[in-house]
1. With charges set only on the Cβ (+1 for Lys and Arg, -1 for Asp and Glu), what does the dipole of the range 124-164 come to about its Cα centre, in debye to the nearest 20?
2. Cα to Cα, under 13 Å, and not fewer than 8 places away if on the same chain: which aspartates and glutamates meet these conditions relative to Lys168?
3. I'd like the antiparallel share, as a percent to the nearest 5, of DSSP beta bridges with both residues in the chain.
4. Say each of Lys132 and Asp75 gets a label point 7 Å from the Cα, pointing the same way as Cα to Cβ; how far apart are those two points in nm?
5. Just checking my list (i) 14.6, 44; (ii) 18.0, 61; (iii) 15.7, 48 against Rg and Dmax of the Cα atoms in Å computed from this structure; which label fits?
6. Could you tell me the accessible area of Thr124 in Å² (1.4 Å probe, neighbours in place), rounded to the nearest ten?
7. If you take the C-alpha gyration tensor of the range 120-167, multiply each eigenvalue by 5 and take the square root, what semi-axes do you get, largest first, in whole Å?
8. Considering only Cα-Cα distances, which of the following residue pairs are longer than 28 Å: Lys46/Lys132; Lys103/Lys158; Lys36/Lys79; Lys13/Lys158; Lys22/Lys132?
Amino acid sequence: MLSWLFKRSLAGKHAPDITGQKWLNETALPEAVRGKVTRGEPLNIKQDLAGYVVLVDFWDYDCIHCINAMPHLRDWWQKYKDRKFVIIGVHTPEFEFAKDPEKVESAVLRFDLNYPVVSDPDYTTWERYRTKEWPRELIIDSQGVVRYDYTGEGDYEKKEEVIQSLLKI
């Protein structure tokens, strides 16, 4: 019954590359990778963010469950961003109207998301990560291996425990 979930889970596997149409808040990325993403090159978490714990959040600005998760993401960003922790929001639209990059940029400002966000209107990163629904959060260790993979709203205490454990706090 739940076999589809385990087939698409990336837990224990290396995180795929992240690409997108436009990066927002890319200055929040480590300096060594900023130029790479602004040139449109894929972000390889294992190589480009070696030594960092990374949380990848698939979201859509029109998804209520994604909106409900945002306070936790903002809180984790503020608490851990100076400890080799990076959140990368991957905005993948559910509907055609949400593909507009100006609307994505407006949503990032409206929801006060200060961590890096990439617009993925063609579903390239979504498909690489075998994502099926919003929100989905993956927590990746400092060697680029997915250690936690969760779809849906909730489980915030466990997510923070994983983050702290990987950061060795």
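The values are calculated or read from the model by the stated rules, or taken from the named source; none is laboratory data. For clarity, every value in this text was computed on a predicted model and none was experimentally measured. With ideal geometry, Cβ positions are generated from the backbone for all residues, glycine too; neighbour counts draw on all protein chains shown. Only protein heavy atoms, including side chains, enter the accessible area calculation; ligands, DNA and RNA are left aside. Shrake-Rupley method; radii C 1.70, N 1.55, O 1.52, S 1.80 Å.
1. 240 debye
2. Of all the aspartates and glutamates, those that pass the test against Lys168 - Cα under 13 Å, at least 8 places apart if same chain - are Asp141, Glu160.
3. The answer is about 60 percent antiparallel.
4. 2.9 nm
5. For Rg and Dmax of the Cα atoms in Å, the calculated option is (i).
6. Accessible surface of Thr124 is approximately 40 Å².
7. Listed largest to smallest, the semi-axes of the range 120-167 are 21, 14, 7 Å.
8. With Cα atoms farther than 28 Å apart: Lys103/Lys158.
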